[in-house]
Amino acid sequence: MKDAAANHDGCEQMPDRRRYCERAAVSEPLAASAPAPTSGQGVRVMQNTFVVLIARLLALPIAGAANLILARYLGVEKFGQYGAIYAYLGLFGWLASLGLAPILAREAAQKREQAGSLIFTGVCIAAGFSVATAALALVIAPLVHLGGKLFPLLAIGSVEVFLLVPIALPGVIFQVDLRQWYNSGFSVVRQALMFAFALAIYWAGAPLLYVVLARLAAAGVEAGLNWRTAHRFLESPRKFLSPISMRLIRGGFIITLSVIAASVYARIDQVMLHSMVGDLKLGQYAAAVRLSEMFEALPAAFVSSLFPLLCISVIDPERFREHLDIGYRYMVLAAAGISVVVCTGAPTIIRVLYGQQYSASAPLLAVLIWSEMAIFFGTMLGNGLLSAGLQKYGLLPMIAGALVNVGLNIFLIPRRGAMGATWATVISYWMCWTVAFMPFKATRDILWTGLRLLVPITVVGLAVTGAVFLLPVNDWVRMVIAGVGFALLTTTTGLARKGDLHFIHTAWRTRLGLRAT
């Protein structure tokens, strides 16, 4: 454990974090007294990550299969309408949750003995905001051509997207206690239910209404399981903490403003395609988006395990940077490897999974997959900033990214259709999570830790992709060569380290020693 002088020095080395450190020393004594994370804790993080990843690897094929069944069954146009409904609702998700989940996770990690009351307070706040959000989204819907026959579907979808938020919120305790096998297991249950519903809808020839109802039912089961199980780990009595409620709202509001912008550049493209070029083009684009988004379970699984340790180690700058470095390295290498393989094999991947009717999605996927590098990188950067109490610096970059995305979509969609929206997404994502953070002195240390890995790994990935496209071979061989070539180049250049592989191997061998209590 570092002594008080060392902790104070850590704050002085990063002056813009001083206010957070001082607050932690006065009002958050658990954070000030917490021991520095040990190598055993690091292995525990990897163990927890492996458990989560195993669950995600079980859920991904099931979710992907359900998505493919629905895409083939609904057809391009109906699938476009389906995508438009949930893309629109996603624009308002920030208000329903108010950014409370990461704030509650941080507070509960630092004040574990008050976790029950903290989370109860968050649930009460989220309940009020989720009802208001549902009403607001439905009132505005006709203005973006989502009225008429789509309005009842939108109303049902709003129950899933907004009103289930407070019910699922107690599940943040699983992240705090590194017990994420619970919510990961519940996610598998949800995906299995949705797969069964998709098969039933396909065989029965049911309309889109039943797809929306099926989603609500599956999500309701998952939220109920999270609610029931999480309360086993939350101490009683659970009280509404009025003084802390305002702090939660203020902290969540800062994150919410960032999430507003993130929601815009993550979802507005589909809403704009629906309004500007129609659901046929949107269906092709939505198919590429769904495939690309499937990989986002990986950074979510890893960073959710690492986040509690980041919160604790923030008072030890050296240890904090070590956690950041390993997180960035894993995330960027994984994202680049996925991008290289998917980009080189996009036509075959689309043909096998979606069928010939979605062939126009292949070039969209080949470009769109590179946005995942920015998402993987941004997931680590965002959690690093949040754990250091610097989340307020994420607001302006998010707003800048949203404005760039909207501007590019307005300019490119009429000229290039879905491909225009694809390029708008890739450019805005990369700008938001890299260039836009550079002007802030407070974030440069955390940003630079990641950029020194992101830049060379991206160059290697693009070089391998460009070279492999020149080979006169089929897509299957091209994907294998691309994946192997990328792995060899990153290993020989030292971007992928043998020590990291040994660390993963050690955690994997000992993962069965991790027990739920």
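Being within 22 Å of L98 (Cα to Cα) and open to solvent by 20 Å² or more (accessible area, probe 1.4 Å) is a description that applies to I167. Number of residues in the stretch 299-329 that are assigned to a helix (DSSP H, G or I) and touching a Lys or Arg at 6+ places or on another chain (Cβ under 7 Å) equals 3. Answer yes if at least one residue in the stretch 111-125 is assigned to a loop (DSSP other than H, G, I, E, B) and within 21 Å of M246 (Cα to Cα), and no otherwise. Within the stretch 111-125, one or more residues are assigned to a loop (DSSP other than H, G, I, E, B) and within 21 Å of M246 (Cα to Cα). Quick one: in the stretch 355-393, which of the residues that are crowded, with 20+ Cβ neighbours inside 10 Å and of a type in the set (S, T, N, Q) is farthest from L451 (Cα to Cα)? So, considering only residues that are crowded, with 20+ Cβ neighbours inside 10 Å and of a type in the set (S, T, N, Q), the one farthest from L451 (Cα to Cα) is S361.
Within the stretch 492-510, not a single residue is buried (at least 17 other Cβ atoms within 10 Å of the Cβ), part of a helix (DSSP H, G or I), hydroxyl-bearing (S, T, Y) and at pLDDT 85 or above. Of all residue pairs spaced 6 or more apart or on separate chains, those with beta-carbon atoms under 9 Å, a first member in the stretch 174-193 that is more than 17 Å from G116 (Cβ to Cβ) and a second member that is in a loop (DSSP other than H, G, I, E, B) are L178/L514; W181/L514; W181/A516.
Inclusion of V352 among residues that are open to solvent by less than 30 Å² (accessible area, probe 1.4 Å), free of Cβ contacts under 8 Å to residues at least 60 places away in the same chain and farther than 30 Å from L309 by Cβ is not warranted.
Taking the conditions exactly as written (under 20 Å from K78 (Cβ atoms) and either assigned to a helix (DSSP H, G or I) or of a type in the set (S, T, Y) (or both)), does L225 satisfy them or not? Spelling it out, it is not the case that L225 is under 20 Å from K78 (Cβ atoms) and either assigned to a helix (DSSP H, G or I) or of a type in the set (S, T, Y) (or both). Number of residues in the stretch 402-426 that are open to solvent by less than 80 Å² (accessible area, probe 1.4 Å) and without any contact (Cβ under 8 Å) to a residue 40 or more places away in the chain: the value is 4. From the list L310, L306, L273, L282, the one residue that fits, being modelled with pLDDT under 75 and open to solvent by less than 10 Å² (accessible area, probe 1.4 Å), is L306. Tell me, please, whether a residue that is modelled with pLDDT of 85 or more and either within 19 Å of I268 (Cβ to Cβ) or more than 25 Å from the chain's Cα centre (by Cα) (or both) can be found in the stretch 128-135. Looking through the stretch 128-135, at least one residue is modelled with pLDDT of 85 or more and either within 19 Å of I268 (Cβ to Cβ) or more than 25 Å from the chain's Cα centre (by Cα) (or both).
Looking only at the stretch 432-450, count every residue that is surrounded by 19 or more Cβ atoms within 10 Å (Cβ to Cβ) and either free of Cβ contacts under 8 Å to residues at least 40 places away in the same chain or of a type in the set (V, I, T) (or both) and tell me the total. Residues that pass the stated criteria total 4.
Only helices (runs of 4 or more DSSP H) whose full extent lies in the stretch 1-107 are considered here, and the ones with at least 3 residues that are buried (at least 20 other Cβ atoms within 10 Å of the Cβ) and at pLDDT 75 or above are 39-90. For the stretch 182-207, the set of residues classified as of a type outside the set (V, I, T), open to solvent by less than 50 Å² (accessible area, probe 1.4 Å), touching a helix residue (DSSP H, G or I) at 6+ places or on another chain (Cβ under 6 Å) and under 16 Å from K78 (Cα atoms) consists of A198 only.
The values are calculated or read from the model by the stated rules, or taken from the named source; none is laboratory data. Just so you know, these numbers come straight off a predicted model, no measurement behind them. Note that we place each Cβ from the backbone using ideal geometry, even for glycine, and neighbour counts take in every protein chain shown. Surface accessibility is based on the protein's heavy atoms, side chains included, excluding ligands, DNA and RNA. Shrake-Rupley method; radii C 1.70, N 1.55, O 1.52, S 1.80 Å.
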